[in-house]
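Below is one structure; the comments refer to it alone.
The values are calculated or read from the model by the stated rules, or taken from the named source; none is laboratory data. Everything quoted here is computed from the prediction, not taken from an experiment. Note that we place each Cβ from the backbone using ideal geometry, even for glycine, and neighbour counts take in every protein chain shown. The protein model used for the area step is the full one, side chains on, heavy atoms only, and it has no ligands, DNA or RNA in it. Shrake-Rupley method; radii C 1.70, N 1.55, O 1.52, S 1.80 Å.
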Amino acid sequence: MSSNTPSYTYAEAGVSIDAGNALVKAIGPLVKATRRPGADGEIGGFGGFFDPKAAGYDDPLLVAANDGVGTKLKLAIEYDRHDTVGIDLVAMCVNDLIVQGAEPLFFLDYFATGKLENGIAERVIAGIADGCKQAGCALIGGETAEMPGMYGDGDYDLAGFCVGAVERGEQLTGDKVAPGHVLLGLASSGVHSNGYSLVRKLAEDKMWRLDRPALFDRERLLIDALIEPTRIYVASLLPLVRAGKIDALAHITGGGLLENIPRVMPEGAQAQVDAAAWEQPGLMAFLQAQGNIEPAEMARTFNCGVGMVLAVTEEHAAAVSRELEEAGEMVIPVGKIVEGPRGCTVRGAAGTWSARDAWEAQHLA
């Protein structure tokens, strides 16, 4: 090699292996805090082990889910709110597992950024560990990717992967749902992790001051109301699922009430939701008023204050409501199942809307 030829290093290209190693060491205690039967909570190998038998399963079906946080991350980055988006990441995955009747067992994360800033990364991963503890699953591994030129300064992205289990024959498929079933909603903690592209557009167009108290809650800054992490429903729902008291669950994410409830309905069962049965949370009412958002658009974009919907028989409704309230949930009677084509209608003060109506309003206007 010529002495005039410069010696290139990975660090000069923008990737610090030392920073990555330091992060793994720093998050070790966070990972260990998520230990549960079946996983020892150690990281650093090429893969993470999980023992279903040690978790108490005899003949388990494995259920897998993956998701991200979406453009909510832009708010977290712009306003230095990195501590709870990890909870969002876990919530979006584990709430999808419980609707299948599955207990979340283990979680892996993917954190990608242009330049690894360990202080920020550690805050994000601390939130992931917190979410795992709330859901009762182990954080058994992950990947941190430092990719200069791929992301802007300070930007990062997240993806999460979770595997759960349910004993064969005990999975929730929605096939038991029939006319006469009652629909119960569990209150959301806010916008959760869907609809933030619309939220951010409103914030820009209406020139919101996110660092000021919210108009609907003068005790909180608007940014704190918007960044509130997604509620994790696993701990409160799992005992009732295992007791056979819930016949179907719908996680209210992108598509809102209109499009998520039908996903767990069999043919011949139609969900009728009465939006007048509960008061819209202040944040939802604020978003609707600020954007002059039509009711149908609200019902398929945001959760409208309901993050999870349960289908239960009328005989179980009172007991299920009581147990969930004792577990800390706010339970809202949101509607019923009637005979009809599979789908969902949402009735409110502005009339009755179906998912088809909402599509036509958007595409045929």
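A few remarks follow.
- Seen from SER189, the other residues with C-beta closer than 9 Å to its C-beta sum to a net charge of 0, counting Lys and Arg as +1 and Asp and Glu as -1.
- Measuring only protein heavy atoms, the 1.4 Å probe finds TYR196 accessible over about 10 Å².
- Scanning residues 5 or more positions from ARG342 or on other chains, those with amide H under 5 Å from its amide H are GLY268, ALA269, with H placed 1.01 Å from N in the peptide plane.
- Partnerless cysteines in the chain, where a partner means another cysteine C-beta under 4.7 angstrom, comprise CYS132, CYS137, CYS304, CYS344.
- Overall, the accessible surface of the chain at a probe of 1.4 angstrom is composed of carbon and sulfur to the extent of 51 percent.
- Here the dipole of region 123-230 is about 380 debye; that uses its Cα centre as origin and unit charges on the Cβ of Lys and Arg (positive) and Asp and Glu (negative).
- Database remark: amide H of TYR233 closer than 5 angstrom to no amide H (H placed geometrically; neighbours at sequence offset of 5 or more, or on other chains; Pro and chain starts carry no H).
- When ARG242, ARG200 are compared by accessible area of protein heavy atoms, the largest-first order is ARG242, ARG200, using a 1.4 Å probe.
- Computed with a 1.4 Å probe on the full set of protein chains, the accessible area for PHE286 sits at about 30 Å².
- Residue-averaged [θ]222 nm for the chain, counting only DSSP H segments that reach four residues, each worth -39500 (n - 2.57): -10000 deg cm²/dmol
- When peptides 116-123, 128-135, 253-260, 205-212 are sorted by average Cβ neighbour count within 10 Å, with the highest value leading, the order is 128-135, 253-260, 116-123, 205-212.
- Taking Cα centre as origin and charging only the Cβ of basic (Lys, Arg, +1) and acidic (Asp, Glu, -1) residues, the dipole magnitude of the chain rounds to 280 debye.
- On a per residue basis, region 140-222 carries 52 Å² of accessible surface, using protein heavy atoms and a 1.4 Å probe.
- Distance violations [Cα-Cα > 18 Å] among LYS245/LYS336; LYS176/LYS245; LYS25/LYS133; LYS72/LYS201; LYS74/LYS201; LYS32/LYS74: LYS25/LYS133; LYS32/LYS74
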